[in-house]
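In what follows, a single structure is set out as structure tokens and then discussed.
The values are calculated or read from the model by the stated rules, or taken from the named source; none is laboratory data. Model, not experiment: these values are computed from the prediction. In this analysis, Cβ positions are derived from the backbone assuming ideal geometry, glycine residues included, and neighbour counts consider all displayed protein chains. Protein only, heavy atoms only, side chains kept; ligands, DNA and RNA dropped before computing areas. Shrake-Rupley method; radii C 1.70, N 1.55, O 1.52, S 1.80 Å.
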Amino acid sequence: MTTRIALDGVGGQGVRVIAGVLGALLARMGKQVTVLFDYDSSVRGSMSDAFVIFDDVPILNPVVEEADILLKLADKGHLRISGRTVVTDLGLGRPGDEQIPFASLGSEHFGKELFGNMIALGRLLRLAEIEFDEAAIRESLPRRYQDENVAAIRFGYQLTGDEISRLAAAAPPSRFEMNDAATAPLHRRTGVAPGGAMGLGDVAESG
């Protein structure tokens, strides 16, 4: 069955990293995968979106018009598609959305807010019913901070509904914000073929 995932955020939050690692992982697991990016000239704080589709059969249309899962990490993201399941950083969701303090959890448990993007990846794996395959995950990650990134992904994967409700009640609202660069008219798109190189840098440091 085709699964469509959309990620909405800003530069510096790791949106492209999440999508790149997810795409590489799915390809290693034998899935057909497409990954598309839409972002404003790599400026930190400008809009950064990504779209991942995977299936057991070839994907005919790589464009995501409605997502099965929508991950929202920015308070003023430009993405205007809907998601059947919506998960957001704390303070960004609407009633019925799942809200998780990714940045706060990354800082609290792993020393840096940006590890929150790997916690978000772990939650995506769970929501998409993708097996937690540690060996394949490690092969999909850069070597730097690999242990911390795997631990953060596992943390997100193992979150329960009760834990998410408790964390949301205890944590401060998200600090992620979109700046004016997000309204720039020029942006670029790029695609990744199934099994293609993702061009990832250091996950904990990348945007």
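Tell me whether the stretch 98-110 contains one or more residues that are hydroxyl-bearing (S, T, Y), in contact (Cβ under 8 Å) with a residue 60 or more places away in the chain and either touching a Lys or Arg at 6+ places or on another chain (Cβ under 6 Å) or closer than 21 Å to L26 by Cα (or both). Before the answer, list the steps.
As a first pass, look at the stretch 98-110 and keep what is hydroxyl-bearing (S, T, Y): 104, 107.
Now drop any that are not in contact (Cβ under 8 Å) with a residue 60 or more places away in the chain, which leaves 104.
Checking which are either touching a Lys or Arg at 6+ places or on another chain (Cβ under 6 Å) or closer than 21 Å to L26 by Cα (or both) leaves us with none.
No - not one qualifying residue is present in the stretch 98-110.
Given (1) open to solvent by 20 Å² or more (accessible area, probe 1.4 Å); (2) of a type in the set (A, V, I, L, M, F, W, C); (3) in contact (Cβ under 8 Å) with a residue 60 or more places away in the chain; (4) under 15 Å from N61 (Cα atoms), identify the lone condition not met by M1. For M1, the exception is condition (3).
Answer yes or no as to whether T34 is within 20 Å of M118 (Cβ to Cβ) and either aliphatic (A, V, I, L, M) or not in a loop (DSSP other than H, G, I, E, B) (or both). It is false that T34 is within 20 Å of M118 (Cβ to Cβ) and either aliphatic (A, V, I, L, M) or not in a loop (DSSP other than H, G, I, E, B) (or both).
Is one or more of the residues making up the stretch 98-110 of a type in the set (D, E, K, R) and over 17 Å from A170 (Cα atoms)? The answer is no, given that none of the residues of the stretch 98-110 is of a type in the set (D, E, K, R) and over 17 Å from A170 (Cα atoms). Across the stretch 5-15, not a single residue is classified as within 19 Å of I69 (Cα to Cα), open to solvent by 10 Å² or more (accessible area, probe 1.4 Å) and either modelled with pLDDT under 95 or part of a strand (DSSP E or B) (or both).
Do we have V52 as modelled with pLDDT under 95 and either within 17 Å of V17 (Cβ to Cβ) or not acidic (D, E) (or both) here? Taking the combined requirement at face value, the residue does not satisfy it. Here F155 fulfils each of the conditions (1) open to solvent by less than 30 Å² (accessible area, probe 1.4 Å); (2) hydrophobic (A, V, I, L, M, F, W, C); (3) modelled with pLDDT of 95 or more; (4) more than 20 Å from F37 (Cβ to Cβ) apart from (1). Among the residues of this structure, F176 does not count as one that is under 24 Å from D75 (Cα atoms), surrounded by 15 or more Cβ atoms within 10 Å (Cβ to Cβ) and modelled with pLDDT of 85 or more.
Figure legend. Inter-residue proximity from the stretch 131-148: first residues modelled with pLDDT of 95 or more, second residues open to solvent by 30 Å² or more (accessible area, probe 1.4 Å) and among the polar types (S, T, N, Q), beta-carbon distance below 7 Å, spacing 6+ or different chains. Indicated pairs: R138/Q146. Annotation note: of A19, A50, the sole residue that is in contact (Cβ under 8 Å) with a residue 24 or more places away in the chain, aliphatic (A, V, I, L, M), open to solvent by less than 10 Å² (accessible area, probe 1.4 Å) and part of a strand (DSSP E or B) is A50. Evaluated against (1) surrounded by fewer than 24 Cβ atoms within 10 Å (Cβ to Cβ); (2) within 24 Å of D133 (Cβ to Cβ), Y39 falls short on exactly one condition, (2).
Exactly one residue among L92, L105 is more than 15 Å from A19 (Cβ to Cβ) and part of a loop (DSSP other than H, G, I, E, B), and that residue is L92. Out of H109, H78, one residue alone is open to solvent by 60 Å² or more (accessible area, probe 1.4 Å) and either in contact with a Gly (Cβ under 6 Å, 6 or more places away or on another chain) or at pLDDT below 90 (or both). It is H78.
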